[in-house]
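The values are calculated or read from the model by the stated rules, or taken from the named source; none is laboratory data. Everything numeric here is computed off the predicted structure, so don't read it as measured data. Neighbour counts are summed over all protein chains in view; Cβ atoms, including those assigned to glycine, are modelled from backbone coordinates with ideal geometry.
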Amino acid sequence: MKFYEINIQTALKSPIHFQKSPEAISKLISTALINGGYTLHKENIPKNHVFSNLGKANSKGFFEKEGKIIFRSFQKDLVEKLAKNLFFYEDNIFKIEGIKFKEVKYKPIKEMISLNPVFIKMKSGDFWSFQKSGDLGVLLSALQDNLLRKYEMIYNEKLNPENNFIEYFQIKNNKPQTFFYKNVKFFGWKLYIIPRNDEISQKLAFVSLGSGLGHKNSTIGGGFLKYKFE
C-alpha cells in the first residue's frame with residue numbers, strides 16, 4: 001500500500017480567507033487536470049483524492065503573499081498529471097512557484113489529526129453535528145463505512161472488520177468549523193484519532209491519509225490529515 005503526494009508552493013496575488021481558500025484550491029486542481037486532458041476528473045464518481053489548505057492563516061484568518069498546498073491520491077497517474085500541468089500555472093489568485101513529489105509507503109499509524117475539518121453528510125442532507133444528531137456512534141459508523149467503500153474502490157477487495165477502526169478520538173472544536181463552497185456553508189469537525197493496531201483498522205487509517213477522512217475530500221479538502229507513524 002502506498003499513496004502519492006505533491007507539495008505545491010504558490011505565491012498569492014491577493015489575501016484569501018481560510019474559509020474560502022479551499023474552494024479556490026479545488027478550482028485550481030480541477031482546471032489543471034481538465035487542461036491536461038484528464039477526463040475521469042469530470043465524471044460523477046468518487047475521486048479519492050484530498051488536499052490541504054494553504055498552511056497557517058494569520059490572526060485575522062487570511063493567507064497572504066504565499067502558501068503551500070499538499071495534494072494526495074492513491075492514483076500515481078493522477079498526481080503526475082496534476083504536477084505536470086501545474087508547472088508555470090498562474091491565474092488571478094495563484095502563481096505556482098515549485099512542486100515536490102513524494103511517495104508514502106504503508107507503515108503502522110500511531111495517531112492522526114485533521115488539519116481540514118471532517119465533513120459527514122447525513123441522509124437528511126444535513127452535515128453531522130451535535131445540534132442535528134449528537135450521536136457519536138452515527139459519526140463513527142459513517143467514517144468507517146466511507147473508508148470501507150474507498151478501500152474497495154482502490155484495491156478491489158472487501159474488508160470485514162469486527163470493530164470500528166478508531167480506538168480513541170477527540171473532537172477538537174466546540175463549534176463546527178465552516179468552509180464555503182459555491183455560497184453553501186459546509187459544517188465540519190477537527191478530530192484527533194488513535195486507530196486500532198489490528199491489520200484491517202490500520203489499512204483503513206492509511207486509506208484516510210491518502211484520500212481523506214469523511215466526505216467532500218476532493219470537493220473542498222475535507223478530512224485532510226496530519227499523521228504520525230509508529
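What residue, of SER124, SER133, SER52, is of a type in the set (Ser, Thr, Tyr), within 30 Å of ASN163 (Cβ to Cβ) and touching a residue at least 40 places away in the same chain (Cβ under 8 Å)?
On the way: SER124 fails: touching a residue at least 40 places away in the same chain (Cβ under 8 Å); SER133 fails: touching a residue at least 40 places away in the same chain (Cβ under 8 Å).
Exactly one residue qualifies, and that residue is SER52.
Please determine, by comparing only the residues of the stretch 110-127 that are more than 17 Å from the chain's Cα centre (by Cα) and not charged (D, E, K, R), which one is modelled with the highest pLDDT. Reasoning before the result, please.
We begin by selecting, within the stretch 110-127, every residue more than 17 Å from the chain's Cα centre (by Cα); these are 110, 122-126.
Of the ones still in play, those that are also not charged (D, E, K, R) are 122, 124-125.
Working: MET122: 84, SER124: 80, GLY125: 79.
Here the answer is MET122.
What pairs come out if I take residues in the stretch 150-169 that are on the phi < 0 side of the Ramachandran plot and pair them with residues that are of a type in the set (Lys, Arg) and surrounded by 13 or more Cβ atoms within 10 Å (Cβ to Cβ) whose C-beta lies under 7 Å away, six or more apart or interchain?
That search, which allows pairs on different chains as well, returns TYR151/LYS203; LEU159/LYS203; ASN163/ARG196; PHE165/ARG196; GLU167/ARG196.
Output the number of residues of the stretch 32-65 satisfying the condition of being farther than 13 Å from PHE18 by Cα and either in the same structural domain as TYR155 (by TED's automatic domain parsing) or modelled with pLDDT of 95 or more (or both). Let's see the steps before the verdict.
Here is the first cut: in the stretch 32-65, the ones farther than 13 Å from PHE18 by Cα are 32-51, 65.
Add one more test, that the residue is either in the same structural domain as TYR155 (by TED's automatic domain parsing) or modelled with pLDDT of 95 or more (or both), and what stays is 50-51.
Final tally of qualifying residues: 2.
I need a count of the residues in the stretch 5-18 that are buried (at least 17 other Cβ atoms within 10 Å of the Cβ) and at pLDDT below 95.
Looking only at that region, the number is 0.
State yes or no: is ILE29 surrounded by 13 or more Cβ atoms within 10 Å (Cβ to Cβ), of a type outside the set (Asp, Glu) and either at pLDDT below 95 or out of contact with any Gly (no Cβ under 8 Å at 6 or more places or on another chain) (or both)? Let's see the steps before the verdict.
Working: surrounded by 13 or more Cβ atoms within 10 Å (Cβ to Cβ): yes; of a type outside the set (Asp, Glu): yes; either at pLDDT below 95 or out of contact with any Gly (no Cβ under 8 Å at 6 or more places or on another chain) (or both): yes.
Here the answer is yes, as ILE29 does meet what is asked.
Look at the stretch 97-122 and say how many of its residues are surrounded by fewer than 19 Cβ atoms within 10 Å (Cβ to Cβ) and under 24 Å from PHE180 (Cβ atoms). So that I can check it myself, show each step before the final result.
Taking the stretch 97-122 and keeping what is surrounded by fewer than 19 Cβ atoms within 10 Å (Cβ to Cβ), we get 97-108, 110-111, 113, 115, 121-122.
Remaining after also requiring under 24 Å from PHE180 (Cβ atoms): 113, 115, 121-122.
Going through the stretch 97-122 one residue at a time, the tally reaches 4.
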